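For reference, the structure is listed below as structure tokens.
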Amino acid sequence: MLTLSQLFFNLLLPAIVCGGIYAVVAYIRKSDEENTSLLWLTAVAIGIGYIVGYLGIEKKITFLPIESIHWLFYFTLFAIFSSTYWDFSGWRRLISQLIYSVALPRILLNSYFQYNWGTVEGIIWWVCLSVGVFIFWNIVIQSFSAIPSSNASIPFVYFGISGGTALIIALSGSVRIAQHAGTLVALFAVIWILTIVLLRGMQSNTNSNLHVFPISVSPLVTFLFVGIWMNGYFYAEAPSVSIILLAVSPFLAQVGKIPVIQQLKGRKSVFIQVGLIALCVSIAIIIAVFRSGFFGEDAY
């Protein structure tokens, strides 16, 4: 169980920092909705909030990363930098996405490449993981637009995915890695709550383009989730099926593009989208619970 100090520095303080920056950014963007040059500041709010949580968990910055988890600090900085041009640059964005997708598995799993895998096995893993990162990244981008921006469902979805991630990794025996996912839970929770408050204040303009999560947030979301999942699977033995279900769950937001679903009135289509994602995350958690031996070794 987390101590009061850990709850404050790992969860509460990151949420306060992230929420404060996000509220200021949202207020500025609300006053000038045509200005899209500030969209990347949402990534800054989440990134700085996570860095605060990272320091609360790890206590210091490791300038020469020793463990895979240490790279999450630097990935966050890379993601914040990338967010500055992600909303506007087509080719530069694609090239960066390809480079990052290839580099992430190699950096995070350096010990496996050096000591566990042979040359051929390492190349196979590298190719498969790079393709997986690239696919997940595009799933994240598509999920931002698949769910209407006129509600707070987008941050709620990633709040649920990060919560499922924290629980699954904790069940696998790594409280430390689970704490990193827990920080994401706090960040997405505060953005979800603030978005609800902001949208209520914009009821007179329901078509307002709030851009809750612009695509410039996608590098940060991808880096952090991929980093935590790879650490959870390769270094904490989290169930592979659970990790895969978490990774593909945002793709279920695409059901909102089915004509029959689009014809539903009110928020029914959003409810179906979010409900299917929640179901996928729940199945991932149930698998992890059985895998943990909670119901006995023979249950799994």
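The values are calculated or read from the model by the stated rules, or taken from the named source; none is laboratory data. Keep in mind that what you see is a predicted model, and the values were worked out from it rather than measured. Quick reminder, even Gly has a Cβ in these numbers, built from the backbone with ideal geometry, and neighbours come from all protein chains shown. Only protein heavy atoms, including side chains, enter the accessible area calculation; ligands, DNA and RNA are left aside. Shrake-Rupley method; radii C 1.70, N 1.55, O 1.52, S 1.80 Å.
Before moving on, here are some points about what is shown:
- Test result for Gly53, part of a helix (DSSP H, G or I), within 20 Å of the chain's Cα centre (by Cα) and either aliphatic (A, V, I, L, M) or crowded, with 18+ Cβ neighbours inside 10 Å (or both): yes
- Exactly one residue among Phe73, Phe81 is in contact with an Asp or Glu (Cβ under 9 Å, 6 or more places away or on another chain) and not β-branched (Val, Ile, Thr), and that residue is Phe73.
- Of all residue pairs spaced 6 or more apart or on separate chains, those with beta-carbon atoms under 8 Å, a first member in the stretch 134-148 that is free of Cβ contacts under 8 Å to residues at least 60 places away in the same chain and a second member that is buried (at least 20 other Cβ atoms within 10 Å of the Cβ) and assigned to a helix (DSSP H, G or I) are Phe134/Gln97; Phe134/Ser101.
- Filter result (open to solvent by 10 Å² or more (accessible area, probe 1.4 Å) and either in a loop (DSSP other than H, G, I, E, B) or under 14 Å from Ala103 (Cβ atoms) (or both)) within the stretch 62-76: Thr62, Phe63, Leu64, Pro65, Ile66, Glu67, Ser68, Trp71, Tyr74
- Only one of Leu167, Leu184, Leu129 that is open to solvent by 50 Å² or more (accessible area, probe 1.4 Å), in contact (Cβ under 8 Å) with a residue 40 or more places away in the chain and either part of a helix (DSSP H, G or I) or of a type outside the set (Phe, Trp, Tyr) (or both): Leu167
- Exactly one residue among Asn205, Asn209 is in contact with an Asp or Glu (Cβ under 8 Å, 6 or more places away or on another chain) and modelled with pLDDT under 95, and that residue is Asn209.
- Some residue of the stretch 82-105 being touching a residue at least 60 places away in the same chain (Cβ under 8 Å), touching a helix residue (DSSP H, G or I) at 6+ places or on another chain (Cβ under 9 Å), within 15 Å of Met230 (Cα to Cα) and not in a helix (DSSP H, G or I): no
- Residue in the stretch 15-29 that is farther than 20 Å from Pro219 by Cβ, open to solvent by 10 Å² or more (accessible area, probe 1.4 Å) and of a type in the set (D, E, K, R) present: no
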